[in-house]
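Reading through the structure tokens given below for one structure.
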Amino acid sequence: MKATSVEPTPYALELCGLSKRFTLGGKMFSKKRALYAVSDVSLRVPRGQVMGLVGESGCGKSTLAKMLLGLTPPSEGDVLIQGKSITHSDQKTLARHVQPIFQDPYSSLNPRRRIGDIIALPLRLHTTLSSQERSQRVTAMLDLVGLPKRATQQYPGQLSGGQRQRVAIARALIMRPDLVICDEPTSALDVSVQAQILNLLLDLKEEFGLTYLFISHDLAVVEHLVDRLAVMYLGRIVEEGSREQIFAAPKHPYTQALLASALTPDPSLDIPDLGLGSVQPDPSRPPAGCAFHPRCPQSSPECRERRPSLPPVDLHGTGRVACHFA
Amino acid sequence: MPDSTTPLATRTSPRLRSPFASLSARLPRHRTLLLGITITGLLVLIALLAPWLAPHDPYAQSTANRMIPPVWHAAGSWEHMLGTDRLGRDYLSRLLYGARISLFIGLLAAFISGLIGTTLGVLAGYFGGRVDAVVSYILTTRLALPVVLVALALASLTGGSLIMVTLLLGLLLWDRFTVVARSATVQLRDAEYVQAAQALGASLPYILLREILPNIAPALIVVATLEVANAILLEATLSFLGMGIQPPLPSWGLMIAEGKAYMFFQPWVIAIPGAALFMLVLAINLLGDGLRDISAPGGRDE
């Protein structure tokens, strides 16, 4: 299965047992402890699809994204992009294949650079185009993301949140990467602008044949965008499957709770009670057995002792779930 | 083609100004900053034009004209507007040339210390961990040294001269640059635009010089102005104590030192260079404070 042959792999992204460990403490009065922000994550994203990744804050989504972008090295496991391991390629090669769109368009653009320079930066770093050719490409890209030509002369502080996110998208796509890591690209935007940006992302995906890893905590956004969905809890994937499977019949109690937590526009329904009780456990002291058991409404003694394993990647089956009861 | 674009999204607001424009819009409303800029600018101009402005040669001695009081004194004359010193040298000319020395030392020392301090601070802030530990150790060591004492000791070893004093101060005054550059860089290190540049494969110098430095520059410029004033005062201190600028160069600190024997009966000999020093340092401090105000994000312009 592993792509060593000449035939191109059908997957834009493969994660094989990916883990990220941080060391805490080790100072004078505290013992060293290991914190697994991401542990043993395996995923496959077919080319041209949108893979959603959801989970509450602190579950390791962003650390995962950083590893895929080459910003932090994995502790264990490997990431294959278009069948090539990122541990063996340098940052510049990787950058041609993977680009990020970050959450906060107010911090993802350098406030002291003009929009034109920001979008042209990838071209400056990766091509030998003349400044005239660069500005042509920038203008064409601005047009694609729906910004006027004169925006090149402006500073990020002169643009609205939605416009800034368009700039960030233009910068990510100007080198035509294969894979775009969208780390909550709409969560900092007004609701009215979110839909525009999501539609733009979908249009550009068709236009450029992109693959997205779409990280979010907003299920309503994910539902309209993704082909497949992975649910993360305390650094592990607890459930993965096609959108239809997960939204119609979630198997993991955590996925069920997440879906139940989505607010509805109906005011008579009130704020949903998740029945999750306690707060998220300290990731540096994860509970024994199934990490979700202290909050799980159906936990049994078995859950406290033995961690349910996640079946290997299977894109054609009925999805995967790590739960003793599923 | 994306059809999601609405006219709303393509409209950019002309109300919002570029960073430079908003700075220059705030400038005229900040009175003390304007005062600081005016006085500093005037003194810089005086220093630059000293050879043309000075009525006499600042080094020319005249035993016949010793200790002439300034013009407002009964015994004063327009020939020597601010009088003469104990060697009969024209005090106004010496004062004008002294502005050159003060500003030269202030600017160059602040530049050297800025270079050292910013480099250390940015590296410590960006890399953290061991680099930070080493830089912090050097910084604490430096902070444990009393500047005047160390400068005095080293100046007495090397012998005071214009270049020596400038270098000494430059090598001693970098601590604030390091503290400010480090904390500002720590805040920016995880900024998403820095991560975006990293993810693009931008080189380390590019990230440090083009992405981080321009964003911490306003804070560093404020520190720099304060360090210019600080260096000028320290030069005066060293010269007053006899370990700084050596005679016959007309340093203001040296002029105060030379005049201290006469301060009870001819108080102008120390009052005049003292007032000049006070004006310059005050003006530079007003400039620094004002710059901090108008470059503060969110602005105090309303």
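The values are calculated or read from the model by the stated rules, or taken from the named source; none is laboratory data. Values in this document were obtained by computation on a predicted structure and should not be read as measured data. Neighbour counts run over all protein chains shown; Cβ positions are idealised from the backbone, glycine included.
Residue pairs, Cβ under 7 Å, 6 or more apart or interchain, first in the range A:66-83 and within 10 Å of another protein chain (Cβ to nearest Cβ), second at pLDDT below 90 and assigned to a loop (DSSP other than H, G, I, E, B). List them.
Once the first residue is within 10 Å of another protein chain (Cβ to nearest Cβ) and sits in the range A:66-83, its partners that are at pLDDT below 90 and assigned to a loop (DSSP other than H, G, I, E, B) give A:Lys66/A:Thr72.
Every residue in the range A:204-219 that is within 14 Å of chain B (Cβ to nearest Cβ) and either touching a Leu at 6+ places or on another chain (Cβ under 9 Å) or under 29 Å from A:Tyr254 (Cα atoms) (or both), please.
A:Leu204, A:Glu207, A:Phe208, A:Leu210, A:Leu213, A:Ile215
State the number of residues belonging to the range A:91-134 that are over 22 Å from B:Ala191 (Cα atoms) and either modelled with pLDDT under 85 or in contact with a helix residue (DSSP H, G or I) (Cβ under 6 Å, 6 or more places away or on another chain) (or both).
2
Kindly indicate the residue of the range B:53-91 that is part of a loop (DSSP other than H, G, I, E, B) and among the aromatic types (Phe, Trp, Tyr) and also surrounded by the fewest Cβ atoms within 10 Å (Cβ to Cβ) among those meeting that condition.
Applying the filter and picking the extreme gives B:Trp78.
For the range A:140-155: of the residues being in contact with a Leu (Cβ under 8 Å, 6 or more places away or on another chain), part of a helix (DSSP H, G or I) and within 9 Å of chain B (Cβ to nearest Cβ), which is surrounded by the most Cβ atoms within 10 Å (Cβ to Cβ)?
Ranking the candidates gives A:Ala151 first.
I'd like to verify a number: residues in the range A:194-217 that are surrounded by fewer than 21 Cβ atoms within 10 Å (Cβ to Cβ) and free of Cβ contacts under 8 Å to residues at least 60 places away in the same chain, how many?
8
Could you grab me the full set of residues in the range A:121-139 that are within 11 Å of chain B (Cβ to nearest Cβ), of a type in the set (A, V, I, L, M, F, W, C) and either surrounded by fewer than 19 Cβ atoms within 10 Å (Cβ to Cβ) or farther than 18 Å from A:Leu204 by Cβ (or both)?
A:Leu121, A:Leu125
Of the conditions (1) at pLDDT 85 or above; (2) surrounded by fewer than 17 Cβ atoms within 10 Å (Cβ to Cβ), A:His88 fails just one. Which one is it?
(1)
Just for helices (runs of 4 or more DSSP H) wholly inside the range A:237-326: which have at least 1 residues that are at pLDDT below 80 and in contact with a strand residue (DSSP E or B) (Cβ under 6 Å, 6 or more places away or on another chain)?
Once the helices (runs of 4 or more DSSP H) in the range A:237-326 are filtered for at least 1 residues that are at pLDDT below 80 and in contact with a strand residue (DSSP E or B) (Cβ under 6 Å, 6 or more places away or on another chain), nothing remains.
Do you know which residues across the range B:195-222 are out of contact with any Phe, Trp or Tyr (no Cβ under 9 Å at 6 or more places or on another chain) and among the aliphatic types (A, V, I, L, M)?
Across the range B:195-222, the qualifying residues are B:Ala199, B:Leu200, B:Ala202, B:Leu209, B:Leu213, B:Ile216, B:Ala217, B:Ala219, B:Ile221, B:Val222.
Could you list, in sequence order, the residues of the range A:163-193 that are more than 23 Å from A:Thr127 (Cβ to Cβ), of a type outside the set (Asp, Glu) and either more than 9 Å from every other protein chain (Cβ to nearest Cβ) or buried (at least 24 other Cβ atoms within 10 Å of the Cβ) (or both)?
The answer is A:Gln163, A:Arg164, A:Gln165, A:Cys182, A:Pro185, A:Thr186, A:Ser187, A:Ala188, A:Leu189, A:Val191.
Cβ-Cβ distance below 6 Å, separation of 6 or more or different chains: which pairs start in the range A:98-114 with a residue that is facing another protein chain (nearest Cβ under 7 Å) and without any contact (Cβ under 8 Å) to a residue 24 or more places away in the chain and end on one that is part of a loop (DSSP other than H, G, I, E, B) and surrounded by fewer than 23 Cβ atoms within 10 Å (Cβ to Cβ)?
Matching pairs, first to second residue: A:Ser107/B:Ala191.
Regarding the range A:25-44, can at least one residue be identified that is assigned to a strand (DSSP E or B), among the hydrophobic types (A, V, I, L, M, F, W, C), buried (at least 22 other Cβ atoms within 10 Å of the Cβ) and within 14 Å of chain B (Cβ to nearest Cβ)?
No.
If I filter the range B:1-20 for residues that are more than 14 Å from chain A (Cβ to nearest Cβ) and at pLDDT below 85, do I get at least one hit?
no
Can you say whether B:Leu27 is surrounded by fewer than 17 Cβ atoms within 10 Å (Cβ to Cβ), of a type outside the set (Val, Ile, Thr), part of a helix (DSSP H, G or I) and modelled with pLDDT under 80, as far as the supplied structure shows?
Yes; evaluated as a whole, the condition is true for this residue.
Does at least one position in the range B:204-222 carry a residue that is more than 13 Å from chain A (Cβ to nearest Cβ), modelled with pLDDT of 90 or more, within 16 Å of the chain's Cα centre (by Cα) and closer than 19 Å to B:Thr119 by Cβ?
Yes, the range B:204-222 contains a residue that is more than 13 Å from chain A (Cβ to nearest Cβ), modelled with pLDDT of 90 or more, within 16 Å of the chain's Cα centre (by Cα) and closer than 19 Å to B:Thr119 by Cβ.
For the subset of the range B:228-276 comprising residues that are assigned to a loop (DSSP other than H, G, I, E, B) and among the polar types (S, T, N, Q), which member is nearest to B:Arg176 (Cα to Cα)?
Among those that are assigned to a loop (DSSP other than H, G, I, E, B) and among the polar types (S, T, N, Q), it is B:Ser251.
Do you know which residues across the range B:62-107 are at pLDDT 75 or above, among the β-branched types (Val, Ile, Thr) and out of contact with any helix residue (DSSP H, G or I) (no Cβ under 6 Å at 6 or more places or on another chain)?
B:Thr63, B:Ile68, B:Ile101
For B:Gly159, indicate whether it is on the phi > 0 side of the Ramachandran plot and crowded, with 18+ Cβ neighbours inside 10 Å.
No, not satisfied.
Taking the range A:84-97, which residues are away from chain B (no Cβ under 11 Å) and out of contact with any strand residue (DSSP E or B) (no Cβ under 7 Å at 6 or more places or on another chain)?
Across the range A:84-97, the qualifying residues are A:Lys84, A:His88.
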